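Below: one structure, written as structure tokens.
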Amino acid sequence: MLPVFSFEIEQVMQKSILFALSIFLLSCGTGSQRSVPLPSTVRIEENDSRDDIIRKAAHVVPTENQWEALRNEFIAFIHFGPNTFTRREWGSGTEDPAVFDLKTLDTDQWCRVMKAAGMKLVILTAKHHDGFVLWQSRYTGHGVMSSGFRGGKGDVLKELSESCRKYGLKLGVYLSPADLYQIEHPEGLYGNRSEYTRRTIPREVPGRPFGNKTTFEFEVDDYNEYFLNQLFEVLTEYGEIHEVWFDGAHPKRKGGQTYNYPAWRELIRRLAPGAVIFGREDVRWCGNEAGVTRQSEWNVITYPVDPNTASDFSDLTETDLGSREVLYRGKYLHYQQAETNTSIREGWFYRDDTHQKVRDVDDVFDIYERAVGGNSTFLLNIPPNREGCFSPRDVEVLVETGRRIRDTYGEDLLRGAKGPKQVLDGDPETYLMTGGRNGREFVITLPAPATFNRVMLQEAVASCGERVEQHAVDAWLDGEWMEIAAATNIGYKRILRFPEVTARRIRVRVTAARLDPAISHVSAHYYRTRPPQLAFSRDREGWVTVAPRQAEFDWNPHGENAAGNLNVGYEVFYTLDGSEPTRNALRYERPVWVENNVLKAVSFSGDERGTVLSEAFGIVKRDWRLLEASGRRNDRTAALHAFDADRRSFWQSQEGALPHFIAIDLGRVHVLNAMVYTPQTFHVEGLMEKGCIEVSDDGKSWRTVECFEFGNLINDPTPRLHRFAAPVTARCVRVVARGIAGDGGSVTVAELDFL
């Protein structure tokens, strides 16, 4: 343990002496938590050398709030509101509050299920972009108080807070800075160009006094005052708040409205001192909404300005945020952990149990291992249905996910092993300093051989920061060391997945690092491999291939394709009549021709049954012919790519004013029930947000039959289904784009399908 020193240093001392002294004072200890606090933000000076920058980066640590948030690991999102009933992804702000037709609410069920899944915190969309509030706010009538829920007296946030206390879950709130009600309403405050004046927060409301007598004085305009008043309500009347979630998405802006984030921050820090702020200096978005993780998720990243005093924060979506080359270009080094967020269902809000796909257990557990085991927090959205509870399918997946987490990581196979005590004692406060006399490798010996296929490692990030840049794990097999897994950084937690091995000795090697790394934990685990997840792919002729969906292993010591390993020892059975596939169904041996039908398939390994995959396939594209399109940008993006059955290619129209269109001859007359639009994912330009569907019998005379609108395309560019109000008979279809999400004056399409 380091003693606390106080020095007086003359200003004339050389910079090198100052830096060396600061590193001595701020260096981590020799095996237990620091006495001297390390910084979460460090400025890079103009004359810092590259070595200086790396030394500084190695001493950046999370704040106490960030450390506690990291330890939550698996947390829940609840998207609930008018969109639940209108079946829209983003509301308009003009909805009648009566559409929130909630008759029953079971937040106890939410919390029971989340607890069973292993989650530790839940974040409720207390106000989404539509401006509808789920608590009894003093400052608006656009919310539950104007709905029929509990006779206008209902309070979803209150009921959830009570259930959280009952089941031991932490509570967070999502409060959207965007507010379409305040934008669209004639007397709305958003962008009303009001003056900044000194105002008291909270604003007194007759008959509704606050129990918390704290007040603030801020120079703000009308909308910032409104937002601060609502923050005050949710942070003082619903128990302790552990996370405040600010969404960066904006369906619409008005009047040049800006946010006084320094005032928001001051209020949050004082009223919720234990909370982290998402979307600002504490926690950041991982960069996608698909549950995809970076190979190296560094939480020590760079900023051009001091993030602790900044007002503007942009989404960080680059693949590399924290390598040495990136650090060298920064102005500030800052600890900011990532949340890997995605939804258990297609979209963020509940739509239905028939057509809205639900992630299976294999998928959720895989994301858990990659997110939590990849130095980030896993934030999984679970949208309640219109009965105010989680649907049975969601519950089944969550409960089984929790069971798999406990079965896999509840037992440490290194328990009782010999090796460095600091990494085996299960105490995050102790750690092994590697390097120097210890060297950068160590051996752990088990009492007897054990079979395992997971190794978990953790650095003492709260004490010594992130330092490991490359590492590997070896097993003693057949009289020699064999590398069984390798990866880049470790950070808070790294889970290595590999084909199972049986060994008595393992060796951990740090092969590249920033200064001497501090390893606080090593454990070994066994995951019982299930039958593989499946994936469908259909060509233009209508033939569907069924194959393993994704790699089971992150790394294979022999360089073999993981899917190839999974091809051994399992069988696939399928149906085309809508029934659930069993071993008595058709056995998959070669591609299956499917048109206008639902294909269901499942894998079996021995007596164990995998997850059923189901997909509705529409019209085969073999005879489709391009009639006309709004030009093309280049040969690679020719209009034919919009229906070539290959999502890796796409059509991009010419630049110009809307509308843009593409017209297709389907080859013969069909009865159409729905359209599927698959966005391209190479960039955010030209995503089709709004449009209309026209049909024709001859390709010359067109009539409009449907119009559509898709929300949140930039952050979630997944296929979007639009069902027709009634079946339409036609041979030719023209899709007309009338609204584009993102920049540019062209429209892009990876695939169009018609069911």
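The numbers here are math on the coordinates, done by the rules we state, and not lab data. Being a predicted model, the structure only gives us computed values, none of them experimental. Cβ: placed from backbone, ideal geometry, glycine included. Neighbour counts: every protein chain shown.
Restricting region 84-173 to trypsin sites (Lys or Arg not before Pro) that sit in a DSSP loop and have at most 11 other Cβ atoms within 10 Å of their own Cβ leaves K103, K153.
Cysteine residues of the chain whose Cβ has no partner cysteine Cβ closer than 4.7 Å: C111, C164, C286, C389, C732. Any lysines with Cα under 24 Å of the K331 Cα? List them, leaving off those in the same chain fewer than 8 positions away. Partners found: K15, K56. Other residues lying with their Cβ under 9 Å from the Cβ of T718 contribute a combined charge of -2, Lys and Arg counting +1, Asp and Glu -1. Per-residue Karplus couplings for region 118-128, computed as 6.51 cos²θ - 1.76 cosθ + 1.60 with θ equal to phi - 60°, are listed in order as x, 7, 10, 8, 10, 10, 9, 6, 4, 8, 8 Hz, Gly and Pro entered as x.
Coupling constants for region 465-475 follow from the phi torsions by the Karplus curve (6.51 cos²θ - 1.76 cosθ + 1.60, θ = phi - 60°), and in residue order they are x, 9, 10, 5, 10, 8, 8, 8, 10, 10, 10 Hz; glycine and proline get x. Of the GluC sites (Glu not before Pro) found in region 303-374, the ones in coil according to DSSP and having at most 11 other Cβ atoms within 10 Å of their Cβ are E318. Using C-alpha pairs below 8 Å separated by at least 6 residues, the relative contact order for the chain is 10 percent. Just so you know, the Rg over Rh for region 421-525 is 0.94, from Cα atoms, with Rh as the Kirkwood radius.
Of the beta bridges DSSP finds with both residues in region 472-534, what % are antiparallel, to the nearest 5?
Details: 10 of 10 bridges.
DSSP beta bridges in region 472-534 are roughly 100 percent antiparallel.
Measuring between their Cα centroids, region 271-303 and region 97-122 lie 25 Å from each other.
For the chain, the spread of Cα positions along the three principal axes, ordered from largest to smallest, is 86, 76, 52 Å.
Sequence-ordered 3J(HN,Hα) estimates for region 590-597 from the Karplus curve with 6.51, -1.76 and 1.60 and θ = phi - 60° stand at 7, x, 10, 7, 9, 9, 6, 8 Hz, glycine and proline given as x.
Just add up the charged neighbours of T511: K/R +1, D/E -1, any other residue whose Cβ is under 11 Å from the Cβ of T511. Write down the numbers at each step before the final one.
Numbers: positive: R440, R509; negative: E441, E469, E483.
Once all neighbours under 11 Å are counted, the net charge is -1.
Among the chymotrypsin sites (Phe, Trp or Tyr not before Pro) in region 186-249, which ones are in a DSSP loop with at most 11 other Cβ atoms within 10 Å of the Cβ? Mind listing them? Working shown, then result.
On the way: sites: Y190, Y196, F210, F216, F218, Y223, Y226, F227, F232, Y238, W245, F246; in loops: Y190, Y196, F210, Y238, F246.
Answer in residue order: no site qualifies.
Past 29 Å, Cα to Cα, is the threshold; run K600/K621; K158/K254; K254/K690; K357/K700; K213/K252 against it and keep the listed order. K158/K254; K357/K700; K213/K252, as the Cα separations exceed 29 Å there.
Counting only Cα atoms, I'd like the Rg/Rh figure for region 118-261, Kirkwood definition for Rh.
Values: Rg = 15.3 Å, Rh = 16.0 Å.
In region 118-261, Rg relative to Rh is 0.96.
Sequence gap at least 6, Cα distance under 8 Å: using those rules, report the relative contact order of region 316-436 to the nearest whole percent. Don't skip to the end; give the middle numbers.
Details: 90 pairs, mean separation 27.1, N = 121.
After rounding, I find 22 percent.
Please report the antiparallel percentage of DSSP beta bridges with both residues in the chain, rounded to the nearest 5.
Details: 110 of 142 bridges.
Beta bridges within the chain, antiparallel portion: roughly 75 percent.
Near W476, once Lys and Arg are set to +1 and Asp and Glu to -1 for all other residues with Cβ below 12 Å from its Cβ, the sum equals -1. For region 625-754, what mean projected area does the convex hull of the alpha carbons give, in nm²? That works out to 7.0 nm², a quarter of the Cα hull's surface.
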